[in-house]
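What follows is a set of notes on a single structure, which appears directly below.
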Amino acid sequence: MPQRWGVPFIAWPERMRPSAWDGVALPLVIGTLLLIGWASRQMNVPYQPGEALPISLDPSNLPVYGLRTVLRMVLALIVALVFSLAYAAAAAKSQRLEKLLVPILDVLQSVPILGFLSITVTGFVALFPGSLLGYECAAIFAIFTSQAWNMTFSLYQSFSAVPHDLREAARMYHLSAWQSFWQLEVPFAMPQLVWNMMMSVSGGWFFVVASEAISVSNNTVLLPGIGSYISVAIDQRDLSAVIYAILAMLVLILGYDQLLFRPLLAWAQRFKIGEINEEEVEPPWFLVMLQRARIFRLVSFAADTIAAAVSRLTHRVSAGPRMSRPAPPWRGALIDRLWVGALGAVALLALYYIYDFVRVEVGWSEVGYVFFLGALTLTRVIVLIALAALIWVPIGVWIGLRPTLAHRVQPFIQFLAAFPANLFFPLVVSAIVALKLNSEIWLSPLMILGTQWYILFNVIAGTLAMPNDYQLVAGNLGVSRWLWWRRLVLPAIFPAFVTGAVTASGGSWNASIVSEIVKWGDTTLSAHGIGAYIAIETAKGDFPRLALGITVLCLFVLAFNRLLWRRLYSLAEERLRLD
Amino acid sequence: MRNLTHPPAPPPQLLAASGITKTYQTPDHSGRLVIDNIDFALAEGEIVAILGKSGSGKSTFLRILAGLTSPSSGVVEYRGQTVTSPAVGIAMVFQTFALFPWLTVLGNVELGLEAQGVPRTERRQRAIAAIDLIGLDGFESAYPKELSGGMRQRVGFARALVVNPDVLLLDEPFSALDVLTAETLRGDISDLWLARRIPTKGIIVVSHNIEEAVEMADRIIIFGSDPATIRADIPVPMARPRDVNSAAFRRLVDEVYTLLTTVPGREGGKRGPRGETIEIGYRVPDVSIQQLVGLLEALVAQPYEGRADLPNLAESEHLTTDDLVVLVESLQLLGFGHVAGGDIEVTPAGRMFAAADLQHRKQIFAEHIRRSLPLVAHIRKVLDERPGHAAPEGRFLAELEDHLSEEEAQRVLETVINFGRYAELFAYDYDRGVLSLENP
């Protein structure tokens, strides 16, 4: 279609005329709007603590439960997006805020996500008394925490890495701060953001499932959703219901993969800086539909017009001579010092408060015990990561050396990583109960059930990225077997492996809260560990011990990341980068 | 707005800078001077080229003129108004194109107009006109990554011209392009300028290409480095179009080459090729030993036999001006060559080096760098004196950072480590970041 840009208003109607894709798109849009309207009304129903919400195991209820689960996920994602844009922009624009915001984010990232749920649920319930909305908010908040930090970090890093020449061009051509945020910084960050967002959503399914059945103060609230469905199925030892739930989740994730994940990734390609990737894959069908159906053009035209109006408005505000002479350096230095001083004072105060809290509320022997439990869980994480590496590295390399196979299995592995492993717990647990296995040992694999895929996925990617020349050289020199692994493959995939292992270990810490103590009907299996401790104290509603457990877990994660992963990471960056 | 009470006025000044200095903060707060007291004016109807070796602060100076960087002292005035931020009426074309990859050609060209709040219809008309003018019609809906380098830079020019700038600042606009593409684009821009088809009243072009500067400019300004100062201001009185093979043209090119590679010396101390005193913080040029050896070998062989005309040498050895300037500077620094009258002459030491075998070359090289580079002598002395004959690189970096920026210090140390390794004066362990006398 030849487009004469000079005469836009003659060209528009042509572009707006309905196409065949509208036949698919229109019902889809209207149906979605109606469903969202219905489901969001359901969120705000009256509810008194102690009241039991009827969850039926009849599989015909699953579509509705699935919808509620998806809605929670979507709401959390929207909140996370807004939060991360604001937080990352603040951290990237102000050096003073940066000093505070980045470390906070780092700590938040290592707080177990289900810990957020345990801590915040009482607050949210108090916020909306007599309504289910408080519990809904707590669940959504937990899902939000599983997505937001990751996205924020990605945005912050991208904002700090915007190429200097593009920044200069934006200033030279008088883009206002608002304009260059949306025209330069956000588009630049887009590919990485979309990738991180989609990874977060994949990880998020686990937490949706885990956060729908909220245990607080010896009272379990079941929010309608797939997570609650499976929790009731566990209570009633209903294996077939567990299978139904797994199937329903399968459909949900398939939908998410086809309707959101792949289209978004393909769309974000155009924001990539650099040459066009030669091996471009076929665009996902859903993206094609979005681009072809005229109704979406209308929407995007409207969005453009609104954006232009806003940007004109902000321009008028910020127009005129902008840059003033920089303040004298001593003044900046003084404010810096005051700022650091204030932060230090607040930190000291908080430290004292924590010290006092521990002394009065829990006692030091309890602290020692919790640290011991943390060490137990740490051992599990290390052993499991090592085992997973032993299994998946050879398999991943084997797949990675066969590119066609690798491209075929990659979507499956992404899919497996997104699938909430906690749905499979009942299957494993019923087996442990039936075979009377030692729960201290056999509950451990549950921790890595969902996260091991990150190792496999990254090892495959790392092997694929290894230049073919290296292999030819190795073959030419007769390098084989152990030497081939030691001198060629292991160093080449090391950076990718570390990335995968970091993700897997982070996920395992999180999973420990739901996997060290599990139920099957009336039988409760538990292993000693900090995850079980947190779960038990949450159920009892013992806030001081809960806070202690979460803090210690947090310290373990932070220390583990600092002492092990960061070092391996910088080693990988310095020495073993392929370029 | 000319003041009519002062009749025979010189052409009015578009852009004037006076007393510009720029100091960067160093870790020890002493401050490092990169631009020292530059006065400059661009008159209406003038193209001025700024030449200088890479890292001489010419790009920083251009950014100060543009209002992108603020000077430490001094004032930039555009039509009598002090410039403190990018002014409407001044546009810039970037070496790296700096196009937004997610916008089409049209989107990129419209960007400046959009930012100024020009209504959509007018914006589109003006953008289309600029795109046609620069010869990009048909590519309006293409994304930059679909275009070749030359086409991308055309987009860069269209984006600058569409805002009808008075002053066009060009930051090495052709240096990322291959020779043929650069020549074509340069010709097209010159034609637009000569035919007055663009409203631009003055152009400043930062360049590293001497012939380009002599071909385009009415005036050539040569920057000296460390810190940047104006070393020479050469008018180019030749009529256009200029014949690159005319005697006058060649003479001017020779003159500029000589100016860029030498300077009348100052007195006292060790002196570099430009006559400046060499200290530990001397910016050792970023040169590859292989290239240096290759050039020396070529120079002593046919047809040069020890003496070559610099522009000719650049052409026949396929060297860019930047490369040649750096190589020639290094040859002089090491005492292997000497520049006079646009020619380079190989010294006896240089001849000896070229004739020697590999091991002997290393010895000569070692001798010369210890003598002529204080940093090398210093490193060797420290290593000799230390009990373990080893020292962390951080120690030398810290010393260098008193004189150079962090990045530049890193680069200089890397170059010197390379020299030292080749000369087998000292060893370096990358993993530990340690310099030593060990023989690996």
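No value in this document is a laboratory result; all are computed from the given coordinates. Note that this is a predicted model, so its numbers are computed, not measured. Every residue, glycine among them, receives a Cβ derived from its backbone with ideal geometry; neighbour counts consider all protein chains shown.
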In debye, nearest 20, what is the charge dipole magnitude of the range A:330-479 about its Cα centre with +1 on Lys and Arg Cβ and -1 on Asp and Glu Cβ, if you could check? 280 debye
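So for A:L449, A:L254, fewest C-beta neighbours within 10 Å to most, what's the order?
A:L254, A:L449
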What share of all Cα pairs of the protein assembly as shown, in percent, falls into each consecutive 20 Å distance bin? 10, 33, 35, 18, 3, 0
Would you list, by chain and number, the lysines whose Cα falls below 30 Å from the Cα of B:K58, excluding same-chain residues fewer than 8 positions away? A:K93, B:K22, B:K145, B:K201, B:K270
Report the charge-dipole magnitude of the protein assembly as shown in Debye, nearest 20, computed about the Cα centre from +1 at each Lys and Arg Cβ and -1 at each Asp and Glu Cβ. 1800 debye
Which whole DSSP H helices in chain B pass both tests: a Cα extent of 30 Å or more along the axis and a mean Kyte-Doolittle value no lower than 1.0? none
Give me the inter-chain shielding for A:231-242: mean count of other chain Cβ atoms within 10 Å, whole number please. 0
Counting DSSP beta bridges with both ends in the protein assembly as shown, the antiparallel % (nearest 5): 70 percent
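Sorting B:R154, A:R408 on the 10 Å Cβ count, fewest up front, what's the list?
A:R408, B:R154
In what order do A:D336, B:D357 fall by count of nearby beta-carbon atoms within 10 Å, going from fewest to most?
In order of increasing Cβ crowding within 10 Å: B:D357, A:D336.
Quick one: which of B:206-216, A:178-188 comes out on top by average Cβ neighbours within 10 Å, and what's the full order, highest first?
Ranked from most to least packed, the peptides come out as B:206-216, A:178-188.
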The range B:13-260 - charge dipole about Cα centre, Lys and Arg +1 at Cβ, Asp and Glu -1, debye rounded to 20: 340 debye
Cut-off under 14 Å on the C-alpha distance; same-chain residues fewer than 8 positions from A:K99 excluded. Which aspartates and glutamates are left, in chain and number order? A:D336
Tell me which of B:P86, B:L252, B:T21 sits at the most positive position along the dipole axis of the range B:13-260, charges placed on C-beta atoms (Lys, Arg +1; Asp, Glu -1). B:P86
For the range B:104-131 versus the range A:398-425, the gap between their alpha-carbon centres in whole angstrom: 46 Å
Quick check on the protein assembly as shown: helices-only [θ] at 222 nm, where DSSP H runs of length 4 and up contribute -39,500 (n - 2.57) each and the sum goes over total residues. Nearest 500, please. -19000 deg cm²/dmol
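For a quick check of your reading of the filter: which trypsin sites (Lys or Arg not before Pro) in the range B:367-440 sit in a DSSP loop and have no more than 16 other Cβ atoms within 10 Å?
In loop regions of the range B:367-440 (DSSP not H, G, I, E or B), the sparsely surrounded trypsin sites (Lys or Arg not before Pro) are B:R432.
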